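Beneath this line is the structure, given in structure tokens, with notes to follow.
The values are calculated or read from the model by the stated rules, or taken from the named source; none is laboratory data. Remember, it's a predicted structure, so these values are computed and weren't measured experimentally. Here Cβ is always computed from backbone atoms with ideal geometry, including for glycine, and neighbour counts include all displayed protein chains.
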Amino acid sequence: MTAPASWEQRVHRSVVIGQFVALTVAIISDLVTNGPSEESLVAAAIGSVYAIGSAALPEAWYRRRLGVESITLAGAFLTIIAITLTGGASSPYLLLSMGPPIFATVYGGLRVGLTTGLLSAGLLALVTLSSDEPILDAVPAMALYLVFILLVGVIRKLLEDIHQQNVNLVAEKETATQRLEALEEIHAVLLKLSEDVSAGRLNAVEVGAETLDTILTRIPGAAGKLAIRGDEGLVMLAARGVPDPEGETYQIPITTADSNVGMMELVTPDPLPDSDRKEVEDYLQPLGIAFANLQLLQDIAGSAVAEERLRLAREMHDEIGPSLASLGLSLDLTAMQQADNPELTADLKVLRSNVTKLVEDVRAKVADLRTAPGPTFTARLLQSTSGMEGEPPIVIDLDERRPPRSAFIGDLTSVVTEAVRNSHQHSHASKVLVSGRIQRDWGTVQVVDDGVGFDPTIVPHGHFGLLGMRERAEKIGATIDFNSKSGVGTVVTLEWGNR
């Protein structure tokens with residue numbers, strides 16, 4: 001049941017007050033004209049019952065199905081009885097009998113009001129004819145019913161229109177407020193992007209990850225993936241959250257005015273209202289502009305950057321590398337010449353070890369510079385696990401701010417892929433979850449399942465998967481830990497670098 005409009009409450013009070021005034025005038029007039037006769041007292045009692053009863057009834061009763069019809073019908077009969085007892089067409093209770101048609105018009109509309117008014121007029125005509133009075137005596141009162149009904153009907157229509165306009169204005173204000181809040185958020189995103197451009201921090205992976213985090217925060221229980229369109233198709237930038245297998249999936253394009261630059265896949269536990277989807281699309285709009293600008297910058301500066309990377313790689317390999325190698329050889333010769341001085345020899349060995357580490361770092365940097373930037377770790381992992389179909393499902397939930405260095409991103413992908421493959425094939429789990437955080441030179445990745453588990457200290461004959469994972473991790477300076485218990489599940493943790 002809808003809440004009553006404020007104008008209905010005000011009109012209801014006005015009609016109730018008017019009925020009490022009409023009742024008072026009718027009783028006094030009847031007593032003055034006819035005296036305290038039995039008919040006058042009965043008419044006064046009936047009129048009072050109607051006036052008090054119509055005022056005491058809750059307004060909600062008038063809005064029930066057939067409520068206003070029943071109440072006004074009873075009122076019409078009560079008032080016509082009072083009129084019959086006090087003079088018919090000349091009765092002082094005629095004004096009180098206007099109450100039922102007016103209530104019918106207010107709560108039921110013009111049709112119900114006219115019906116009640118015609119009923120009251122018909123009853124008055126019957127009373128007039130039964131009293132052997134000319135029907136013309138009742139015509140003014142019957143016309144008065146029609147005038148009151150039409151007048152109240154017009155007023156009701158005007159008040160309804162005003163009320164509806166107020167409702168529409170309030171709704172438009174709320175919509176405008178929500179729209180303004182969304183625009184303020186979009187403005188904040190644009191400011192953040194402009195600051196990143198000014199500071200040289202604009203990175204597609206970081207921008208995509210931050211945007212995806214913000215959107216998922218606004219939709220509880222949601223999961224998502226965000227990809228940018230590259231030369232060879234979509235390149236995954238970020239994946240967050242654990243998607244509900246029974247949730248709703250939405251493919252939301254990331255566009256600019258003239259191009260499609262990417263896509264966001266959003267999985268929500270419940271269907272997303274059109275207004276919320278429009279809000280997500282509006283929020284992604286600045287991201288489309290940022291990605292388009294990044295692609296434009298890459299196209300303009302791509303060849304220059306590639307040439308500069310090769311130049312730096314050549315200088316490091318041809319100049320810094322040989323200089324470090326020469327320094328290492330000098331330290332070796334000095335250590336041999338100072339063999340009789342153990343303390344100095346020990347210090348020289350430490351220096352030689354540091355120089356060796358520098359040489360390895362230079363080689364890794366040269367490899368990074370000569371390797372063109374490729375897909376992110378998230379994209380590589382999604383691609384390498386895409387062929388693992390069937391149960392259990394594999395969920396990627398990585399916070400990758402900057403991809404790992406090119407020198408070891410391949411080995412990292414291989415180690416994590418092997419861990420996922422083992423869980424998928426042997427764990428009998430309900431789900432395999434890959435989570436963690438990656439920031440260029442450091443990161444932590446965990447592969448978790450709730451399967452049968454295993455004993456990491458026992459290596460079955462002819463199985464070298466765990467050994468290979470340990471060797472690859474050691475090769476790139478990472479650590480790998482296997483934590484598993486029978487019947488509980490397995491957690492494989494891969495860590496590298498220092499924060």
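State whether one or more residues within the stretch 118-138 are surrounded by fewer than 18 Cβ atoms within 10 Å (Cβ to Cβ) and within 59 Å of the chain's Cα centre (by Cα). So far as the stretch 118-138 goes, yes, one or more of its residues are surrounded by fewer than 18 Cβ atoms within 10 Å (Cβ to Cβ) and within 59 Å of the chain's Cα centre (by Cα). Going by what's in this entry, would TYR50 be described as within 30 Å of GLN165 (Cβ to Cβ), free of Cβ contacts under 8 Å to residues at least 60 places away in the same chain, aromatic (Phe, Trp, Tyr) and surrounded by 13 or more Cβ atoms within 10 Å (Cβ to Cβ)? No; evaluated as a whole, the condition is false for this residue. If only residues of the stretch 455-499 that are of a type in the set (S, T, N, Q) and modelled with pLDDT under 85 are counted, the one that is surrounded by the most Cβ atoms within 10 Å (Cβ to Cβ) is SER486. Search the stretch 256-294 for residues being among the hydrophobic types (A, V, I, L, M, F, W, C) and part of a loop (DSSP other than H, G, I, E, B), and hand back the single one that is modelled with the lowest pLDDT. Ranking the qualifying residues of the stretch 256-294, first place goes to ALA257.
Scanning the stretch 193-234 for residues that are surrounded by 15 or more Cβ atoms within 10 Å (Cβ to Cβ), part of a helix (DSSP H, G or I) and modelled with pLDDT under 80 turns up LEU193, ASP196, ALA204, VAL205, GLU206, VAL207, GLY208, ALA209, GLU210, THR211. Only residues that are at pLDDT below 85, more than 24 Å from SER90 (Cβ to Cβ) and either surrounded by fewer than 15 Cβ atoms within 10 Å (Cβ to Cβ) or not assigned by TED's automatic domain parsing to the domain that holds GLY75 (or both) were counted in the stretch 9-47, giving 4.
Only one entry in ARG380, ARG437, ARG470 is among the basic types (Lys, Arg) and more than 32 Å from the chain's Cα centre (by Cα), namely ARG470. When ALA339, ALA335, ALA372 are checked against the criterion of being at pLDDT 70 or above, touching a helix residue (DSSP H, G or I) at 6+ places or on another chain (Cβ under 9 Å) and loosely packed, with under 12 Cβ neighbours inside 10 Å, ALA339 stands alone in meeting it. Taking the stretch 407-428 as the range and being hydroxyl-bearing (Ser, Thr, Tyr) and assigned to a helix (DSSP H, G or I) as the test, the residues that pass are THR413, SER414, THR417, SER423. In a helix (DSSP H, G or I), more than 30 Å from PRO134 (Cβ to Cβ) and under 60 Å from the mean Cα position of the chain (by Cα), is that true of VAL11? So VAL11 fits the description; yes.
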